[in-house]
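I have placed the structure first, in the form of structure tokens, so that the comments after it can refer back to it.
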Amino acid sequence: MVKAVVGANWGDEGKGKITDMLAEKADIIVRFQGGANAGHTIVNNYGKFALHTLPSGVFYGHTTSVIGNGVALNIPILMNEIKSVTDRNVPMPKILVSDRCQMVMPYHILFDQYEEERLGGKSFGSTKSGIAPFYSDKYAKIGFQVSELFDEALLREKVVRVSEMKNVILEHLYHKPVIRAEELLQTLHEYREMIAPYVCDVSAFLHQALHEGKTILLEGQLGTLKDPDHGIYPMVTSSSTLAAFGAIGAGLPPHEIREIITVCKAYSSAVGAGAFVSEIFGQEADELRRRGGDGGEFGATTGRPRRMGWFDCVASRYGCRLQGTTDVAFTVLDVLGYLDEIPVCVGYEIDGEVTTDFPVTCKLEKAKPVLERLPGWKCDIRGIRNYEELPENCRNYVEFIEKRIGYPITMVSNGPGREDIIYRKSSL
Ligand code: GDP
């Protein structure tokens, strides 16, 4: 059976922690989209880790970690990440990389930087990991599949052909040094050495695993609102962040995805540019940022301070709907214990009308938040394991949000660790 762990919002909802927790009872964990542009933070008995490419199951001896064909694979980063976990006493994880996975090329990273420089103040706030140039090339059919590293004649011909094309832009648009085909080929030979031990036909492997009754966990990156189709285009990422894409990005039949666990954080945060209706600023934002997550809301990849906001029922209801949510994991609730009152965004006012439907981007830019204030619980809820033991105002907050988003909150996370979880029966 296949379960997906995905985000309802802008990412950073705490998916890494939930995946790490669920991985205990899974056999295989698969990354199916995205690349090293976003990170998951995981706290466990080995310490605190920021993973970018490796699935969040690498800390268990019994799991296989899979990089699916949908991922933007940066081979040197993957190698560094493997080293960074094994250097800290984590046993060498079992890793498989799809032979159909495409590689982030050194020039993708450069193009990302050059384009951000060219756009100046109008940039998208890219993490400059090469993700947008990578996916552009994939769909323009000039990307490089891992399998192609093992066909020298094909590789050589393609390197020359693609360099010629890229060099026109490098020279005439960006005025930067051109790609030397021989050097690039050399780099790809190094990539081949590094990746060879891990390459396999992932969809065939997963097909067999399903046949044997194994449990497969699909691990999403970012969240619904960063999806290129259903998110806040163009301030989105370049590959689909939806559970449905898990079938494609891993090579699985869609009907095998039985559980979709959508992670929602108890307040909002976002990185990069784009409309963020429930955003807060100044001291109010600084305080939430400082207290947020585990040691503050700063990007796991970039260290950038995240933009902060109150919980957004409009965006989250939409985010859960597009994911096809069966369960909501509601995270980082412990952080809100300092507030006397907790504002929640329950609607958007657009041109004088209030709506609870999440609009297209051009309307979203005009939306103003309609806030409702709920009483806070003013205490530390960490360490509580039974839902009934949570303060009444805290339960009211969970249930208020559950009603507004319309999907069952079956897990409440009240701390960064694996064991900081409260299971509950939803009344929905
Ligand atoms: P992801 O990309 O969705 O995995 O999100 P992040 O890596 O940004 O995770 C959010 C941060 O919150 C990380 O630092 C986690 O360790 C932390 N975290 C996750 N769940 C909880 C929680 O319930 N309470 C607290 N205080 N921190 C949490």
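Would you point out the residue of the stretch 302-316, among those that are charged (D, E, K, R) and open to solvent by 10 Å² or more (accessible area, probe 1.4 Å), that is modelled with the lowest pLDDT?
First pass over the stretch 302-316, keeping only residues charged (D, E, K, R): 304, 306-307, 312.
Keeping just the survivors that are open to solvent by 10 Å² or more (accessible area, probe 1.4 Å) gives 304, 306-307.
Values: Arg304: 83, Arg306: 94, Arg307: 95.
Per the stated criteria, the residue is Arg304.
Residues that are more than 16 Å from the ligand (Cβ to nearest atom) and of a type in the set (A, V, I, L, M) were ranked within the stretch 387-428; the one that is modelled with the lowest pLDDT is Leu428.
For the stretch 310-341, how many residues are outside any helix (DSSP H, G or I) and touching a residue at least 60 places away in the same chain (Cβ under 8 Å)? Spell out the reasoning first.
Our first condition is that a residue be outside any helix (DSSP H, G or I); within the stretch 310-341, this holds for 310-312, 324-332, 339-341.
In the following step, the residues that additionally are touching a residue at least 60 places away in the same chain (Cβ under 8 Å) were identified as 310-312, 324-332.
The total comes to 12.
Considering the conditions (1) open to solvent by 40 Å² or more (accessible area, probe 1.4 Å); (2) without any contact (Cβ under 8 Å) to a residue 40 or more places away in the chain; (3) not in a helix (DSSP H, G or I), Glu183 is excluded by exactly one of them, (3). For Pro228, the test of being surrounded by fewer than 24 Cβ atoms within 10 Å (Cβ to Cβ), free of Cβ contacts under 8 Å to residues at least 40 places away in the same chain, away from the ligand (no atom under 16 Å from the Cβ) and part of a loop (DSSP other than H, G, I, E, B) is passed.
Residue-level analysis places Glu148 among those that are open to solvent by 20 Å² or more (accessible area, probe 1.4 Å), within 26 Å of Ile28 (Cα to Cα), without any contact (Cβ under 8 Å) to a residue 12 or more places away in the chain and assigned to a helix (DSSP H, G or I). Of everything listed in (1) away from the ligand (no atom under 13 Å from the Cβ); (2) buried (at least 24 other Cβ atoms within 10 Å of the Cβ); (3) of a type in the set (A, V, I, L, M), the single unmet condition for Ile82 is (2). Screening Met21 on (1) surrounded by 24 or more Cβ atoms within 10 Å (Cβ to Cβ); (2) near the ligand (Cβ under 10 Å from one of its atoms) shows it passes everything except condition (1). On the stretch given as the stretch 288-298, residues that are surrounded by 14 or more Cβ atoms within 10 Å (Cβ to Cβ) and within 8 Å of the ligand (Cβ to nearest atom) total 4. When we screen Ala266, Ala285, Ala275 for residues that are small (Gly, Ala, Ser), touching a residue at least 40 places away in the same chain (Cβ under 8 Å) and more than 15 Å from the ligand (Cβ to nearest atom), the only hit is Ala275.
When residues in the stretch 91-140 are screened for being open to solvent by less than 20 Å² (accessible area, probe 1.4 Å), hydroxyl-bearing (Ser, Thr, Tyr) and assigned to a helix (DSSP H, G or I), 2 of them pass.
In the stretch 243-263, what count of residues is obtained for those that are within 16 Å of the ligand (Cβ to nearest atom) and more than 23 Å from Glu372 (Cα to Cα)? Steps first, answer last, please.
Residues of the stretch 243-263 that are within 16 Å of the ligand (Cβ to nearest atom), as a first pass: 243, 246, 260-263.
Next cut, more than 23 Å from Glu372 (Cα to Cα) only: 243, 246, 260-262.
Total meeting the criteria: 5.
Please work out which residue is surrounded by the fewest Cβ atoms within 10 Å (Cβ to Cβ), limiting yourself to the stretch 319-336 and to residues that are more than 12 Å from the ligand (Cβ to nearest atom) and within 17 Å of the chain's Cα centre (by Cα).
Step by step, filter the stretch 319-336, then rank; the result is Gly324.
The values are calculated or read from the model by the stated rules, or taken from the named source; none is laboratory data. Because the structure is a prediction, the values reported are computed rather than measured. No Cβ is skipped: glycine too gets one built from the backbone with ideal geometry, and neighbour counts run over all protein chains shown. For the accessible areas, the whole protein counts, side chains as well, though only heavy atoms, and no ligand, DNA or RNA atoms are used. Shrake-Rupley method; radii C 1.70, N 1.55, O 1.52, S 1.80 Å.
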